[in-house]
Each structure stands twice: as C-alpha cells, then as structure tokens.
Amino acid sequence: MCGLSGILYKRAWSEGSFHVGHDLVMMLEPMTHRGKDSSGVTIMGEQIDGDLVIRIWTENVQDIPSVAARSEETVRHAGGVMRSTSTLDQFLRLVVNYEGEVADLADALIKVPGVAIHSIGTTSEVIKDIGTPAMMDVKHGVGEILGTHGIGHVRMATESRVDVNHAHPFWAYPFPDITVVHNGQLTNYHKLKRMYEDQGHHFQTGNDSEIIAVYLAGKLAEGQGLKQALRSSLDDLDGTFTYLVATKDGLGYAKDQWSAKPLVTMETDDVIAIASEEISLRGVFAEEIERIEPQNSEVMTWLL
Amino acid sequence: MATIDAAGLSTRELNIRLKDLAAKGEEITVLNPNARHNLGVAIFNRCKIRFEGSVGYFAASMLDGPEVVIEGNAGWALGENMMAGKISVSKNAGASVGSTMRGGELFVGGDAGARAGISMKGGVLIVAGNTGFLTGFMMQKGRIIICGDAGEALGDSMYEGTIYVGGSIGSLGADATTEEISEEELLDVLAALRGHGIENKRSFTKVVSAKKLYHYDTLERLEKLAL
C-alpha cells in the first residue's frame, strides 16, 4: 500500500534549521498500517559549497572497506577531493568536494562492483532501510538530523521485492537533490523503462516507483520547470499514483486522474505538512487545523 | 452521559467500550480521536455518540441505529455500509463517503472527496459543500443532495437513485442524464436541507440514470434459447 509524508518549514537554512528528521519519523510511525517492510527519508538541509553527500549501499557484505576504498579512488580519479567517509552496516556515506558534472561522477561510481547509489546531493541525503521508521531512527539517527524540508515513506511492497535498494525515496539519477516517494502502481512501467534505457538512462532496481524519479530527471534535463514536469506526468504515467518530490528548493506533489491514492495537506504561516493520511499530520500538528484534500489530476509545488 | 478518552486505548478497546455503553442507550463523548481509523464501527443500538476531533477511515461504518456527530474531518469511507441512524461530520469527508450505505442520513458540513455515495443502496447523503470525481458511481438506490459543485463523471454507471446538485457539474458520467425536477421533489430536498440549517439553496439539477446501458432481463442466455 505505502504511506507518504512531507514537511517544509518556510525558511531558508540561513534563517534557522528544524528537526525535520524527527518530524518525518513522527509522521511516518503512525502510518505503519500502510506498510512496514521498509522506510526511508530524504532530508534537505545545509548547503556547503562544492561539497556533495553521496549515500551508497553495498551488497558486498564480506568486504565493505574495499568497496569504500574503491569508491574513494573513483572519486579522486574523477577529480574530487575526499572530505570524509563513514560506514554503518552496509551503508557508506561519502562527503566529497567536487566541481565537475555529477552525472560523470555517478556513472563512474556505479561501475564499482557492489555499489548502489541511494543519493547524491549538495544539500540532501536519502536514508532508507528495511524495517519500520522507529527502527530506521534507532539505527541511522534520523531523528537528530536537522533541515529545512524533507519527504518520507513507509513501504508495503506490491510488485517488486523487499530489500534496501527497493525502498523509497528514489533518487532522480543523475540530478543532485531530486528524490521521489510514491504510493500506487504504474502500469506502463516496462514500456517507459525500455524507452529510457534506449536513451541511456540508468536504472538501479526493478521497482516501478523508480521510473518517476527517472521521468522527472528527464523532463528537468529538457529544461522543464518542476511544476510543468509534474503536470506532464499526469498524462505520461499510467496507473495509480500519488507521489511527492523533494528538490533543493522545495516540495511538490502529483495526484493521478482517478484520485485513487490518498493525500492530505495542512498549512500554517510557518510550515506545510503533506501525508497520505491525517493521522500522519497529527505527528506534527497536535491540534485540529484546516486539512485540505487535493483532488484528482492535481499538482502543486512549494518553494522555500 | 459517558466520556471516553481515546488516547491510550487501542482501537479494539475503544470500540468494545462504545458498544457496551451503546447497549445501555448512553450519550457518549469520545475525546482525542486523533484521526484514527475504524472508530465506532458496527454499533447497532440507538444512542448518541460525539467525537470531539477528526476521525480516520471507516468511521461509524456498519452503523445500525446511533446518531453520530464528528466535530472535525473524516477520512475515507465514513459511514460505509450504514443501515440506519444519522451521521454528521462538521468539516470535510474524504473519498468514498457513505460507500454502499443502505439507510439513514449522512450529512457532510464541508466538502466530500471522490466517489461520494459510491454504490449507495438507500438512505440519503447530503453534502453542504462540493463533491469530487465519480460521485454516485454505480448508485443503486437512495438520494444524494449536493449543495455545492459536483466533480467530473457524476453518477457514472448509476442504476437507480437520484442525485441533486445545487452548483455546477464537472461532467456527467456514463449513462447519467439530467431530468426535470418536480415541485414536490424540490420541496423534499429543501426540507431535508432545512433540517441542517441550509436555507440559501433554492434550485437543483436532478441527475438520474438514462438506462441506455441496461442490457439484461431475468433470463440466462440458454434459458432464453430454450423458450
């Protein structure tokens, strides 16, 4: 089934940061009845000029240090400077100073055996794992992470397997800082996938939700604005969907023409919260405030 | 008068307590529903229940008797399979409000989402605001009264039943058509609305099934050949 959450504080990082990680965990935990096999978040925060955060997961559980070493070597070979590497279980987090094209760096890293890239961002990172949001918080310390906005997801796998890589959010490879969470099933997934693969796009999983990230990446590469890309997706994606997208500058959503998958939003002067169900919004709004339910074929974006 | 605080109770515990109190005919107030799902389901005794706050999905579903008031929003499928009684939600209801209801009255003070009154089999659904896409989809019996605007594909695949719209209609669904509204019918509609303090809507468009997609009779194909 899947549950989505999103939150945006209407202030740039320079004006103050917020417990976005904590908020997302508080929003996702009440929705585990919609899915508890995997959880994930993207948290957008401080931008450090020239630095990228690269989140990698490796299946090579036997020799994680060598995957780390080869990744670092790949970064240097591409012209980047390693700032730090940290490892947690099969997760690697590289902070890199890099002035070149992110696409080139991503293409080089993906060739390292055993590497799956969860995200590359100048101001954001994807943290996703098997299990509930509470488990993800305990393991990855999501609750401590500050930011300005973010999106989150709880998964009930419907058409592809349960593993770390198939969890959401999906990164719009190779565009830094663009990630997507999706509730629904896409019925023209295979057709679209073949088309994108012919164009040279790279897919890391067999999950239909990944195509939304690739689709948006393609539209943005053509020069379309985010809202326009969301609108186009209403015609180009077939199936049921409500999805949220996070970018460096804000958040957006798109709802399919059938109004098949739920979405509710709440807004104050300071913050916007979006979720599949109102009970999720109660994770950050304890009191009763105006709840809006977007209707079919709706898209919306909010910018910081 | 009994008050239950939903906070700290599991859904099952809450519903068991509600049923016990309902069996005694009590007036019940539920605090802190917190937009949780499946609250107040399958209550068959006549009593009054007030939820102070929003409820989640399937609230007051399978109702058969009580008067339920919700001060807040309702999620999807409010009053699903309602048999008798009254439900009133002060703000908005999500999609599929009154889904497959068979009797009683369901009133939405705000807007209703997509598929309002889907597959209704009786009773009356009143929406003070607007309704969404596919309202009255596959309706079989009963009345839907919409004071505001109706979304697209209104009354798609209706069998029987009537939809009255005070505002605009996004589009008519498959086999739905408009019909002259009689003086008597209009007075009925206005009386129903007056009961909820709505007096400013005077004209309504009546939507019914055109019955052009009815292709069945009571005999199976082989039975007909045998004749």
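The values are calculated or read from the model by the stated rules, or taken from the named source; none is laboratory data. None of these values were measured; they are calculated from a predicted model. Quick reminder, even Gly has a Cβ in these numbers, built from the backbone with ideal geometry, and neighbours come from all protein chains shown. Surface areas here come from the heavy atoms of the whole protein model, side chains and all, with no ligands, DNA or RNA. Shrake-Rupley method; radii C 1.70, N 1.55, O 1.52, S 1.80 Å.
Tabulated data for the structure shown
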| read-out | value |
| --- | --- |
| Residue match in segment A:251-267 (condition: of a type in the set (Phe, Trp, Tyr) and under 20 Å from A:His153 (Cα atoms)) | yes |
| The one condition in (1) in a loop (DSSP other than H, G, I, E, B); (2) touching a residue at least 12 places away in the same chain (Cβ under 8 Å) that B:Thr177 fails to fulfil | (1) |
| Residue within segment B:96-104 that is away from every other protein chain (no Cβ under 14 Å), at positive phi and open to solvent by 20 Å² or more (accessible area, probe 1.4 Å) present | yes |
| Matching option when the condition is buried (at least 22 other Cβ atoms within 10 Å of the Cβ), of a type outside the set (Asp, Glu) and closer than 13 Å to A:Ala273 by Cα, among A:Gly35, A:Gly6, A:Gly21 | A:Gly6 |
| Search result, residues across segment A:131-159 that are open to solvent by 20 Å² or more (accessible area, probe 1.4 Å) and in a loop (DSSP other than H, G, I, E, B) | A:Thr132, A:Gly141, A:Ile145, A:Leu146, A:Met156, A:Ala157, A:Thr158, A:Glu159 |
| Qualifying position, being basic (Lys, Arg) and either more than 20 Å from the chain's Cα centre (by Cα) or over 21 Å from A:Phe175 (Cα atoms) (or both), among A:Arg76, A:Arg55 | A:Arg76 |
| Filter result (open to solvent by 40 Å² or more (accessible area, probe 1.4 Å) and more than 14 Å from chain A (Cβ to nearest Cβ)) within segment B:29-47 | B:Phe44, B:Asn45, B:Arg46 |
| Hits in segment A:247-262 - residues which are aliphatic (A, V, I, L, M) and away from every other protein chain (no Cβ under 14 Å) | A:Leu251, A:Ala254 |
| Complete set of residues in segment B:5-28 that are outside any helix (DSSP H, G or I) and crowded, with 18+ Cβ neighbours inside 10 Å | B:Ala6, B:Ile28 |
| B:Ile87 touching a residue at least 24 places away in the same chain (Cβ under 8 Å), more than 14 Å from chain A (Cβ to nearest Cβ), under 21 Å from B:Ile28 (Cβ atoms) and β-branched (Val, Ile, Thr) | yes |
| Residues being surrounded by fewer than 24 Cβ atoms within 10 Å (Cβ to Cβ) and either at pLDDT below 95 or under 17 Å from B:Leu154 (Cβ atoms) (or both) - total across segment B:112-123 | 2 |
| Test: residue in segment B:114-121 that is within 12 Å of chain A (Cβ to nearest Cβ) and either more than 22 Å from B:Val41 (Cβ to Cβ) or among the small types (Gly, Ala, Ser) (or both) | yes |
| Near pairs, Cβ below 7 angstrom, 6+ apart or cross-chain, from segment A:275-290 (at the interface with chain B (Cβ under 9 Å from one of its Cβ atoms) and at negative phi) to any residue that is open to solvent by less than 30 Å² (accessible area, probe 1.4 Å) and among the hydroxyl-bearing types (Ser, Thr, Tyr) | A:Glu278/B:Ser54; A:Ser280/A:Ser5; A:Glu288/B:Ser54 |
| Residue satisfying all of: in segment B:122-144; over 19 Å from B:Glu71 (Cβ atoms), more than 9 Å from the chain's Cα centre (by Cα) and of a type in the set (Gly, Ala, Ser); farthest from the other protein chains (Cβ to nearest Cβ) among these | B:Gly122 |
| Residue pairs meeting the criteria (Cβ under 8 Å; at least 6 apart or on separate chains; first acidic (Asp, Glu), in segment A:38-56; second open to solvent by 10 Å² or more (accessible area, probe 1.4 Å) and assigned to a strand (DSSP E or B)) | A:Asp51/A:Arg83; A:Asp51/A:Val95; A:Asp51/A:Asn97 |
| Strands (runs of 3 or more DSSP E) wholly inside segment B:38-123 containing at least 2 residues that are farther than 15 Å from B:Leu18 by Cβ and in contact with a strand residue (DSSP E or B) (Cβ under 7 Å, 6 or more places away or on another chain) | B:84-89, B:105-108 |
